[in-house]
Amino acid sequence: MATLLRSKLSNVATSVSNKSQAKMSGVFARMGFQAATDEEAVGFAHCDDLDMEHRQGLQMDILKSDGGDEGAEPPLEGDIHYQRDGTGPLPPSASKEGGVCAELSGQGKPKITAWEAGWNVTNAIQGMFVLGLPYAILHGGYLGLFLIIFAAVVCCYTGKILIACLYEENEDGEIVRVRDSYVDIANACCAPRFPTLGGRIVNVAQIIELVMTCILYVVVSGNLMYNSFPNLPVSQKSWSIIATAVLLPCAFLKNLKAVSKFSLLCTLAHFVINILVIAYCLSRARDWAWDKVKFYIDVKKFPISIGIIVFSYTSQIFLPSLEGNMQNPKEFHCMMNWTHIAACILKGLFALVAYLTWADETKEVITDNLPSTIRAVVNIFLVAKALLSYPLPFFAAVEVLERSLFQDGNRAFFPNCYGGDGRLKSWGLTLRCALVVFTLLMAIYVPHFALLMGLTGSLTGAGLCFLLPSLFHLKLLWRKLLWHHVFFDVAIFVIGGICSVSGFIHSLEGLIEAFRTNAED
């Protein structure tokens, strides 16, 4: 009896202490401060400011009272902590830091279904860069077709193992999500000696891929317009300058709400264009040059084709946030299977029938092979899609650069580019404009769609899709892996490394040669 009485008195004292602490933290929260407990310090350390996408899943939750006894007092406002499993609701008032993390993680928004997640993956791997695949078949023949299938299988597998790295087994033997992003996985692999090195490497790779994607949009816009109106006295470089002038307002973007309204329309238009190209090729099926499909490869140019094919499948960088926002994450594997199977079939058919139609005359952008009567219409739609797609990677690249170089707290290399009222400073706007101009200069001096696409795919595409996922999977989960998983991971890492180095060297050589030629002109 005495023991029971002491236990009740202890519970009452603990409850009073908790309520007083909760009230004090609530006062601090309303004043704009956040009480810093050990759990919150860990939460803020995980809340990576380098990229919006790398903060998916961090949520603020009301601290539950110990024991959960019947009649216990509900937690008060302000007594909050980070929930790594993403199960807790957002409290009414959160600190400034917590509010930002919640906003960027999409908290409060409805979860997406497996079909909606599949649509996002399809948009990423079935974009307009598919137009360069027939050019890859030109230099790779049947091996290029095999590589389209092989890349689909490998990217599907590495996407799954990347998501597996987000989970670990807790003390109760349950599989729980302990990481939220690609950066978290990379940092976990480099900890404890270099706890932030992996995340910085991933962010650098992402910046390179995003900026190169912007350059490719400018290149393809100039290329398509020049080939659509060859009789006009306007060069491809001039068309690229005109396209960049249209894109210059991107430097003033504060969000992507206006641009996102056109994303679905652009995607549907691109699918229609692909169908039109395939329909035209099928109409010339009698003239298909099957004898032109080679069993041997062009040793000098095929490595570039590898980069082109790999780049067309890149989607790993946003898969962790996508899986974290699914209603049923268990459907992720099934979603990855059918999206990559569909992509493999469509890409293989598109590349093959387009190459069979034009054979050795296949150009870097396949729509340039269309008759002049329909080429202009199709290319104008593609240019519109490219210009409307440019703000997405541009805005993402700007966010990563600003947060890592100008807004990363005490670790920032330069002063904050935003004023106290949240407005962008003049020199910050100048830097954004400089990034737009940089994409233009690259497009002018290296106006080669296939070379740039091959370089990007060999450098960042192979790294983010092949090398890093297999390496992280071995590092984090090697004790629980079956022998065939270890074999697959090692094989993918070795093959991916060889293809990446070979493609990068050949693409870089081609770009240097093209740069010298343009500089002489």
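The values are calculated or read from the model by the stated rules, or taken from the named source; none is laboratory data. Please read all numbers here as calculations on a predicted model, not as lab measurements. Neighbour counts are summed over all protein chains in view; Cβ atoms, including those assigned to glycine, are modelled from backbone coordinates with ideal geometry. Remember, those area values only see protein heavy atoms, side chains included, never the ligands or the DNA or RNA. Shrake-Rupley method; radii C 1.70, N 1.55, O 1.52, S 1.80 Å.
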Beyond 19 Å, how much of the Cα-Cα pair distribution for the stretch 160-214 remains, as a whole percent?
40 percent
In the stretch 340-392, taking the dipole from +1 charges on Lys and Arg beta carbons and -1 charges on Asp and Glu beta carbons about the Cα centre, the listed residue (Leu349, Pro391, Asn369) farthest towards the positive end is Pro391
In the structure shown, do any of Lys111/Lys385; Lys292/Lys347; Lys294/Lys363; Lys237/Lys292; Lys300/Lys363 have a Cα-Cα gap over 25 Å, and if so which?
Lys111/Lys385; Lys237/Lys292
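With a 1.4 Å probe and all protein chains left in place, how much accessible area per residue does the stretch 129-258 have, in Å²?
Counting only protein heavy atoms, the per-residue value for the stretch 129-258 is 42 Å².
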Could you give the size of the charge dipole of the stretch 426-521 about its Cα centre, using +1 on the Cβ of each K and R and -1 on the Cβ of each D and E, expressed in debye and rounded to the nearest 20?
600 debye
Alpha-carbon centroid distance for the pair the stretch 114-153 / the stretch 289-340, whole angstrom
5 Å
What dipole magnitude, in Debye to the nearest 20, does the stretch 122-520 give about its Cα centre under +1 on Lys/Arg Cβ and -1 on Asp/Glu Cβ?
500 debye
So, relative contact order of the stretch 122-520 in percent, Cα under 8 Å, 6 or more apart, is 33 percent
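Mind ranking Phe466, Phe229 by accessible surface for me, highest first, 1.4 Å probe?
Numbers: Phe466 15, Phe229 65 Å².
The residues order as Phe229, Phe466, largest area first.
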Provide Rg over Rh for the stretch 122-520; use the alpha carbon set for both Rg and the Kirkwood Rh (inverse mean inverse pair distance).
0.97
Sequence gap at least 6, Cα distance under 8 Å: using those rules, report the relative contact order of the stretch 261-358 to the nearest whole percent.
67 percent
Carbon + sulfur, % of accessible area of the stretch 261-388 - ligands and nucleic acids excluded, 1.4 Å:
68 percent
For Ser283 the rounded accessible area (nearest 10 Å², probe 1.4 Å, non-protein molecules ignored) is 90 Å²
On the full set of protein chains, 1.4 Å probe, figure out the accessible area of Arg375 and give it in Å² to the nearest 10.
40 Å²
